[in-house]
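One structure below.
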Amino acid sequence: MEKRTVLWYMTFWGFAINYMFRMNINIAIVSMIKHSISKSNVTIIYECLRDTELFKSNNTIAQISSSDLNDKKFEWNEYQQNSILGAFFTLHVIMQIPGGVLAQRYGTKTVFGISNGVAAILSFAVPASAKFNYKALVALRVLQGLIAGGAWPSMHTMTANWIPPHERSRFVSAYLGSSIGTAVTYIMCGYLIATFGWESVFYVSGGLGLLWYICWILLVYDTPAKHPTISIRERTYIENCLGKTIQTRSKPLPIPWKSLLLSKVLLINLVTQTGGIWGLFTLAAQAPSYFNFVLGLNIKQTGLWSGMPHLVRWAFSFGFSMICDRLVKSKRMSLTNVRKMATCFCNILQGLFIWGICYSGCNSMVAVFMFFSATAVNGAISSGALAAVVDIAPNYAGVIQGIIGTVSTSSGFISPIIVGYLTLNQQTLSQWCKVFHLSGAICVGTGLIYVFFGTSTIQKWNTYDDSVSNEKELKLIVKKPNSSYTLDT
């Protein structure tokens, strides 16, 4: 098996593990807290069921009104629960730029490995911290999110060092192991909680994380040149394909911060990724609420239809990326046009499907189809703006993705705030349509920006001029009166 194929699998499961740590608390907390709801304080109105006999029956109220008296569970109010759920992302965004910079200096093997490895160890401590105090659990989740935050931007550095341009779309689809991680986490944790209790969720997650970390350390290396068992044929092939786009030096390349921050190409990519992620985050976070509170689906249906679209997203990403790589390799389309085509799917088509949710009304089948489709086509991001980061500046791809991630990840904070404001005590179709109209507009608008102005052309500042650096060093040597070096005249 080729070593970059091994790298694909390890990257895929690495991102799946990374998302497992993000999502496991979402389902576990349902069984961690006591529920005590009486008929008198049930205020949820299922708009699409309120006029039906099912909603009017006492059975529906009885199901909602069950009281959980398990002493092992916690009496956390809504504020405390949401503090726990949001804790992971509190400092997560801070590690986006440092994650890319650290990978540039110490290598992705170290940064990505530590991000998941330490997060896995901390997972074992979740049950104990929860039993001690909810604030201790919040602090632990904040720390876990901070450490895990370096994973995404760091991987771009390894992608730039290992993957030829015509294989990048397919390889970056491994990043969407995050979708598989999300889906598997909900399914697996449901069975674990039912069989062994909520504590098992964190023990199993931690164990899987440590198993992955051991395999990562043994099987992955930062560059083909450092890999001890890579074939000469594969190493030569990779290095020839990459050509001079990747510079190797004894010391890390200095980062051209001014050029990066003033780059129009980077700004366009940032806007595009943020738009696509806004749509994805909104769907992922709000699907359960919409299915349950508005459409009136039961909890099993809600969990199934909220998780399954992420499996479809990864499948779409992998299949679409193979087509894109073939188009680039055969030269039927330029790299830039392939990225723009992918963005049409990831942003524009996603936005159209999100708008379609508004017009599905109380037809749950149509609404589920729109959710599935919008989430699935977002998978094209692995062939679009996400892959384009490596195209425009492979030497600084990790740093660039860190800059972009700092802004785009903020969607995870801002989108829920806006949704909460629009739907507070108003779980109605009309109010939710405002949410979907806004999200769809953001997706379509940012997609159009990339279609008109995006590019995959390598930027001039990607290449560091060693001659200028050597000249400066030479002048410093001449100026030193006690220098041990001599210059021939």
Quick one: F320 ticks every box in (1) open to solvent by less than 30 Å² (accessible area, probe 1.4 Å); (2) modelled with pLDDT under 80 bar one, so which box is it? (2)
I need the full set of residues from the stretch 341-366 which are open to solvent by less than 20 Å² (accessible area, probe 1.4 Å), over 19 Å from the mean Cα position of the chain (by Cα) and at pLDDT 90 or above, in order please. I354, G356, I357
Within the stretch 106-121, which residues are open to solvent by less than 30 Å² (accessible area, probe 1.4 Å) and either acidic (D, E) or within 18 Å of G207 (Cβ to Cβ) (or both)? G113, S115, N116, G117, A119, A120
Within the stretch 404-417, is there a residue that is more than 18 Å from the chain's Cα centre (by Cα) and surrounded by fewer than 17 Cβ atoms within 10 Å (Cβ to Cβ)? yes
Scan the stretch 237-252 and tell me whether some residue there is loosely packed, with under 12 Cβ neighbours inside 10 Å, modelled with pLDDT under 85, over 30 Å from V451 (Cβ atoms) and among the β-branched types (V, I, T). yes
Does R233 satisfy the condition of being at pLDDT below 85, open to solvent by 50 Å² or more (accessible area, probe 1.4 Å) and of a type in the set (K, R)? no
If you scan the stretch 182-210, which residues turn out to be crowded, with 19+ Cβ neighbours inside 10 Å, at pLDDT 85 or above and touching a Gly at 6+ places or on another chain (Cβ under 9 Å)? G209
Residues located in the stretch 176-201, provided they are free of Cβ contacts under 8 Å to residues at least 24 places away in the same chain and over 30 Å from A380 (Cα atoms): Y191, L192, A194, T195, F196, S200
Can L91 be described as within 24 Å of I214 (Cα to Cα) and either of a type outside the set (V, I, T) or at pLDDT below 90 (or both)? no
Given the criteria modelled with pLDDT under 90 and either surrounded by fewer than 20 Cβ atoms within 10 Å (Cβ to Cβ) or in contact with a Pro (Cβ under 9 Å, 6 or more places away or on another chain) (or both), does S179 qualify? yes
Confirm whether S439 is within 26 Å of Y359 (Cβ to Cβ), modelled with pLDDT of 80 or more and in contact with a Phe, Trp or Tyr (Cβ under 8 Å, 6 or more places away or on another chain). yes
So which residues in the stretch 187-215 are under 22 Å from the mean Cα position of the chain (by Cα) and more than 21 Å from G117 (Cα to Cα)? I187
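The values are calculated or read from the model by the stated rules, or taken from the named source; none is laboratory data. Note that the coordinates shown come from a computational prediction; the quantities given were computed from them, not determined experimentally. Glycine gets a Cβ as well: all are built from the backbone with ideal geometry, and neighbour counts include every protein chain shown. Calculation scope for accessible area: heavy atoms of the full protein, side chains included, ligands and nucleic acids excluded. Shrake-Rupley method; radii C 1.70, N 1.55, O 1.52, S 1.80 Å.
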